[in-house]
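Engineer: Here's a structure for you.
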Amino acid sequence: MNDYKIFILIFLEVGSFMLLWTMFNKKYERRFYKSAVIVLFTSLVVLITNYIYPPLQFFVNYLFLLLAIKLVFKKNIKYLLLEFCLVLAIFGIMQLVIIIMLRLATPAFMAKEDFLYLLSANLICMVFCFCLYRYVSDGKLIIFFKQKSSKIYFFSVNLLIYIVTAKWVWNFKRHEFMDEIALYLAIPIVYILANLFFLEYQMKNNEIKKSLEEYQKYAPVISKLLEDVRRRQHDFKNHLNTVYSLLLVSDEKNLKETITQYIESLNISLENMEKVLQIDNTVVTAIIYNKINEAAKNNIEFKFIIQGGSKFPFKDYELSEVLNNLVDNAFDAVINSQSDLKKVFLNIGYLEDNCIIEIGNTGERIDYNEIGKIFNAGYTTKEGENRGYGLYNVKKIVESYGARIQLSFENNYTIFSIKLS
């Protein structure tokens, strides 16, 4: 086959692969321009290596494509390998399906290496990839990519080995491949379905385990809250006795003022407790009760408004991680601040059909040059090991649900906002 025909076929094939890959990487700016550069140079490399030993050529081409994506998009190699394996697997299965469809429609398909047959197959594949990019939601697969289980990497690497092997047979033993094409397609489909079943089972078990850990974490806090309520109920009788005594010892002129002052001081003491007991989410209740006590110890004015019936898409352990990290950061900011004004607020409510979470604090503002770095893994301005992952983890959780976390500054407050649909 002529070089220009090989170049056209490879350009279409790599272009389809990159279109499918960008489906899971839509956050990158100028992604189509960068992808086009990768497609062009990869096609040239394939053309150049077309005359070397075939197995070595096969390895070099895929390695070049992987490294090109790594360098151009500056991806974390761990996540890139997972994405590359899974996207290549999806792409390989798609190609197999298209070949079977064409084989059934045209029995003469691939009876010999005909450029027009290969061109039509690659064009159909590109159309399929474009439709997937344009119309298919990638949310669940993105969540799948972000799982930390080593079994997912094992699954994806094994699948990659199979797909690469199948493509190698397709490239160098095409007629044998066509004779057994149904088998080549059935194996990865069965493999994927079986592994997805076990992975989903494991993920559900992990979620149950995390939920149990969350319950064990907050059960003592809820017990302490109930104990506090019982203590206050016991003290209520003493407060009534105090009011009665004030009625007896105060003169009529100062009676109203004396009683009013006492009741106001009592209301301030009971206000937060009453608001906490009205919260209908156990995790939020436990977190806020903890933060009220922490604020009292550190002389922080902590205010909160929790709208009743607030529903979160997060699982309990994710909600705990989001709220604890953001509120802890706000507390750290005011504790380390040189200002005497130490205020933190937490608001959870609804705007139209969207749940809004806002956490704000006074203190020094984040430096303008640092704003772009605060959500990066490992970035921190604090001393000590294992720091700098709080905001990074919050961002990962929030974005996995299709939401965003935003930073703003208003009236001497630094505010983190999350909008959940």
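Please treat every number below as a calculation from the coordinates, not as lab data. Note that the structure is a prediction, hence the values are computed from the model and not measured. So basically every Cβ, Gly included, is an ideal-geometry build from the backbone, and we count neighbours across all protein chains shown.
Engineer: Starting from the Cα-Cα distance between residue 396 and residue 62, subtract it from 0.36 nm times their residue separation and give me the gain in nm to one decimal.
Structural biologist: Numbers: separation 334, 0.36 × 334 = 120.24 nm, distance 2.94 nm.
Between residue 396 and residue 62, full extension yields 117.3 nm more.
Engineer: So how far apart, in nm, are the two label points at residue 339 and residue 52 if each is 7 Å from Cα heading toward Cβ?
Structural biologist: For the pair residue 339/residue 52, the computed spacing is 6.1 nm.
Engineer: Taking a threshold of 28 Å on the Cα-Cα distance, which of the pairs 210/291; 204/291; 210/395 fall above it?
Structural biologist: Values: 210/291 22 Å; 204/291 30 Å; 210/395 19 Å.
Check vs 28 Å cut-off fails for 204/291.
Engineer: In the structure shown, do any of 27/311; 75/342; 78/373 have a Cα-Cα gap over 32 Å, and if so which?
Structural biologist: On the way: 27/311 27 Å; 75/342 40 Å; 78/373 21 Å.
The answer is 75/342.
Engineer: Fewest first, what order do 351, 391 take by the number of other Cβ atoms within 10 Å? Present the calculation step by step, with values, prior to reporting the outcome.
Structural biologist: Details: 351 8, 391 21.
Neighbour counts put them in this order, fewest first: 351, 391.
Engineer: Then there is this: Modelling each spin label as a point 7 Å along the Cα-to-Cβ direction, I'd like the residue 189/residue 6 distance in nm, to one decimal.
Structural biologist: 3.3
Engineer: Can you tell me the Rg and Dmax of region 278-421, counting just the alpha carbons, in angstroms?
Structural biologist: Every Cα atom of region 278-421 included, Rg and Dmax give 14.7, 42 Å.
Engineer: Further question: Considering amide H positions built from the backbone, and no H for Pro or chain starts, which residues 5 or more places from residue 350, or on another chain, come under 5 Å of its amide H?
Structural biologist: For residue 350, whose amide H was placed from the backbone, the distant partners under 5 Å are 356.
Engineer: Rounded to whole Hz and in sequence order, give me ³J(HN,Hα) for region 82-90 from the Karplus expression 6.51 cos²θ - 1.76 cosθ + 1.60, θ = phi - 60°, writing x for Gly and Pro.
Structural biologist: Using θ = phi - 60°, the values come out as 5, 4, 4, 4, 5, 5, 5, 5, 4 Hz.
Engineer: How many angstrom lie between the Cα centre of region 333-357 and the Cα centre of region 33-73?
Structural biologist: Using only Cα atoms to place each centre, the spacing works out to 50 Å.
Engineer: Let me ask you something else. Within 10 Å of each residue's Cβ, count the other Cβ atoms and sort 131, 85 from fewest upward.
Structural biologist: 131, 85
Engineer: If you don't mind, another one. Which distance in nm do the two modelled labels at residue 223 and residue 353 give, with both placed 7 Å along the Cα-to-Cβ direction?
Structural biologist: Here the modelled spin labels are 4.3 nm apart.
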